[in-house]
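Values quoted throughout were computed directly from the atomic coordinates according to the rules given, and no laboratory measurement underlies them. What you are looking at is a predicted structure, and each value in this text was computed from that prediction instead of being measured. A quick note on method: Cβ atoms are made from the backbone with ideal geometry, for glycine too, and the neighbour counts reach across all protein chains shown.
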Number of protein chains: 2
Amino acid sequence: MIGIFDSGIGGLTVVKAVFQQLPDYEIVYFGDTARTPYGTKSPATIIDYAIQDTEFLLSKGVKIVVVACNTASSVATEALRDRFTGIPIFEVVTPAVVKVTQVTKNYNVGIIGTRATINSNIYNKKIKDLYADIKVFSNACPLLVPLVEEGWLKRRETKMILKKYLYPLKRKQIDTLVLGCTHYPLLKDIIQAKMGKRVKIVDSSAETAVYIKNYLTEHPEIDVILKRGNNNQFYVSDFTPTFAEIAKKILGRPIHLLLA
Amino acid sequence: MIGIFDSGIGGLTVVKAVFQQLPDYEIVYFGDTARTPYGTKSPATIIDYAIQDTEFLLSKGVKIVVVACNTASSVATEALRDRFTGIPIFEVVTPAVVKVTQVTKNYNVGIIGTRATINSNIYNKKIKDLYADIKVFSNACPLLVPLVEEGWLKRRETKMILKKYLYPLKRKQIDTLVLGCTHYPLLKDIIQAKMGKRVKIVDSSAETAVYIKNYLTEHPEIDVILKRGNNNQFYVSDFTPTFAEIAKKILGRPIHLLLA
């Protein structure tokens, strides 16, 4: 099975993209809703949590692990790969970075994400590793996760706050903007409208699913051990009605959340 | 020592009030910043966390425990008193409730708090226990904690969101409004302005400090075992620069945060 974990419910945007790219594969999801959010916490704490999340997924028998959370991807990937050497670990930063380098024409790129993701500087480092000439501008947007979790997707206040967050990036005349947080695809239309239609939006959730699909094509030895079926399992570390509502909003249908 | 815990940093508004009312007493604070916030989580999880927080404070030798968090006060007080029978446990709901019954003249009272606090219905129950005739209107305001933690205390967006949250209460012509969350005193001026000056604002943090002071006067046997001094200790379960900034904003001076 494909194991996918996130700090909470937002990682279901990755699940949705995986369902689109790899519809036959069975997944196990874990959302750490008891300790959500990760994006405001310290690297040491995020690494601890990511290790525990991975151990939980492995205990369910998954054969590959996808870190659906941008914050954990930015801060904890190295620690996870050091610790869990036998298992392919995917994260959501690299696929978005690769896409960025294919898409940008004016070499001015913007990144939005949580404070922990932006402070990690990981997008900047990874983009510059591929193309040193690309200029990367980033802005932490810590209020977007709570706004999405409240379901305030089209409210005037959300649009005003987005405008404030995006303005510094718009001024830099970026032509590409990475949605560096799993919650942000739910705001994609407003973000596109605020940035203007000439700015290309890169959705790290969607790119990650494409990346995994390509990887499995190139690694049939891994592909063959992944289970097919639709007995998908969705675990959370805490359950509230609000979490169930967000899950439904993301996937477009209700799912059964199991308490881990 | 007086032990005080909260889901994070917001409980320092209670510490500030305790310093004003009981300046000679030594305190130990614990903020569960690694798992903050509590207000969006389930009662079962909040109770687990509150028990662990109390155990931590007891391990530091505190003789009384103050649940500074409205969410934990609303959901976990009974479980804490059942479990820790030898120790006086204070919470922030009852002092505010007592004040409300003294202040209201038209018997229409409003409560704002986190979703968990409002869903617990505890303010409503406790007020009706004292005065069955008082009508209680409440509204969950889940975006206020993130706004305060971002330091957006006077921004236009914060004022708009507050207006939206307060409007249903204003329509009910309440004459008293309880700030049922430790973060809200930092928004008191805007809340007062939105509600109009005839509405009396009850700050549960301030009322709790007065309540403890009165209790100690009436219970000299407890008062005598509490330590005097100013060797106060502030523990957090996770440290980030943002947490330190909020602490400074609340207390008006920087404090040394120890990692628990």
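Based on a Kirkwood Rh over C-alpha pairs, give the Stokes-Einstein translational diffusion coefficient of chain B at 4 °C and viscosity 1.567 mPa s in µm²/s. Intermediate values should be presented prior to the final figure.
On the way: Rh = 18.3 Å.
Using the Kirkwood radius from Cα pairs, D works out to 71 µm²/s.
Give me the distance in nm between label points sitting 7 Å out from Cα along the Cα-to-Cβ direction at A:Val224 and B:Asn230, one decimal.
Taking the simple label geometry, A:Val224 and B:Asn230 are separated by 7.3 nm.
Whole-Å semi-axes of segment B:86-207's equivalent ellipsoid, largest first, each the root of 5 times a Cα gyration tensor eigenvalue?
22, 18, 12
Quick check: convex hull of the Cα atoms in the protein assembly as shown, volume per residue, rounded to a whole Å³?
152 Å³
Please state the charge dipole magnitude for segment A:41-88, taken about the Cα centre, from unit charges on C-beta atoms (+1 on K and R, -1 on D and E), reported in debye and rounded to the nearest 20.
Here segment A:41-88 has a charge dipole of around 140 debye.
Give me, ordered by chain and number, the residues 5 or more places off B:Phe137 or on other chains with an amide H under 5 Å from its own placed amide H.
Excluding prolines and chain starts, which carry no amide H, the hits are B:Val109, B:Gly110, B:Ile111.
Using the 7 Å Cα-to-Cβ label point, sort the distances from B:Pro168 to its equivalents in the other copies shortest first and give them in nm to one decimal.
3.5
Put a dot 7 Å past each Cα toward the Cβ at B:Leu251 and A:Leu58; how far apart are the dots in nm?
Result for the modelled spin labels: 4.0 nm.
Where the only charges are on Cβ atoms (+1 Lys, Arg; -1 Asp, Glu), what is the dipole of segment A:93-204 about its Cα centre, to the nearest 20 debye?
Around 460 debye, computed over segment A:93-204.
Loop-only trypsin sites (Lys or Arg not before Pro) in segment A:152-260, please: DSSP not H, G, I, E or B, and at most 15 other Cβ atoms within 10 Å.
Passing both the DSSP loop test and the Cβ count: A:Lys154, A:Lys172, A:Lys197, A:Arg198, A:Lys227.
Label position 7 Å from Cα toward Cβ: report the copy-to-copy distances for B:Ile225 in nm, one decimal, ordered from shortest.
5.8
Can you tell me the FRET efficiency between A:Lys170 and B:Arg156 if r is taken as the Cβ-Cβ distance and R0 is 25 Å, rounded to the nearest 0.05?
Approximately 0.85, to the nearest 0.05.
If we count other beta carbons within 10 Å of each Cβ, what is the order of B:His256, A:His219, fewest first?
Arranged by neighbour count, lowest to highest, B:His256, A:His219 become B:His256, A:His219.
On a full-extension model of 0.36 nm per residue, what is the gain between A:Asn108 and A:Lys128, subtracting their alpha-carbon distance, rounded to one decimal in nm? Could the numbers behind the result be given before it?
Working: separation 20, 0.36 × 20 = 7.20 nm, distance 1.18 nm.
Length gained between A:Asn108 and A:Lys128: 6.0 nm.
Hey, can you grab everything whose amide H is under 5 Å from the amide H of B:Leu258? Only 5+ residues off in sequence or another chain; H modelled, so Pro and N-termini drop out.
B:Phe234, B:Tyr235, B:Val236
Taking the dipole about the Cα centre of segment A:93-204, with the C-beta of Lys and Arg at +1 and of Asp and Glu at -1, give me whichever of A:Asn124, A:Leu169, A:Pro185 is farthest to the positive side.
A:Leu169
Can you compute the FRET efficiency between A:Leu258 and A:Arg83 using 1/(1 + (r/R0)^6), with r the Cβ-Cβ distance and R0 = 25 Å? Round to the nearest 0.05. Don't skip to the end; give the middle numbers.
Values: r = 25 Å, r/R0 = 1.01.
FRET efficiency, A:Leu258 to A:Arg83: 0.50.
With the label 7 angstrom out along Cα to Cβ, how close does A:Leu153 come to the same site in each of the other copies, in nm, nearest first?
The projected label point of A:Leu153 is separated from its counterparts by 3.5 nm.
Need the C-alpha centroid separation for segment B:32-78 versus segment B:179-211, integer Å.
Segment B:32-78 and segment B:179-211 have Cα centres separated by 22 Å.
Which residue, chosen from B:Val93, A:Ile64, A:His256, occupies the Cα position most advanced towards the positive end of the dipole of the protein assembly as shown, where the dipole is computed from +1 (Lys, Arg) and -1 (Asp, Glu) charges on Cβ about the Cα centre?
Positive-most Cα among the choices belongs to B:Val93.
Could you work out the relative contact order of segment A:93-204? I mean the mean sequence separation of Cα pairs under 8 Å and 6+ apart, divided by the number of residues, in percent.
Details: 168 pairs, mean separation 39.9, N = 112.
Relative contact order here is 36 percent.
Could you give me the radius of gyration and the Dmax of segment A:20-95, taking only the C-alpha atoms into account and expressing both in angstrom?
12.2, 37
Would you kindly derive the ³J(HN,Hα) couplings of segment A:214-228 from the backbone phi angles with the Karplus curve 6.51 cos²θ - 1.76 cosθ + 1.60 (θ = phi - 60°), listing them in order in whole Hz, with x for Gly and Pro?
Calculated HN-Hα couplings, in order: 4, 4, 5, 4, 7, 10, x, 5, 7, 3, 5, 8, 7, 6, 9 Hz.
Going by how many other Cβ atoms sit within 10 Å of their own, how do A:Val98, B:Val97 line up, fewest first?
On the way: A:Val98 17, B:Val97 27.
Fewest to most other Cβ atoms nearby, the residues stand as A:Val98, B:Val97.
Counting helices only, and only those DSSP H runs with n ≥ 4, report the 222 nm mean residue ellipticity of chain B as the sum of -39,500 (n - 2.57) divided by its residues, in deg cm²/dmol to the nearest 500.
Calculated from helices alone, the mean residue ellipticity at 222 nm is -14500 deg cm²/dmol.
For B:Val202, which sequence-distant residues (separation of 5 or more, or a different chain) have an amide H within less than 5 Å of its own amide H, given hydrogens modelled in the peptide plane?
B:Leu177, B:Val178, B:Leu179
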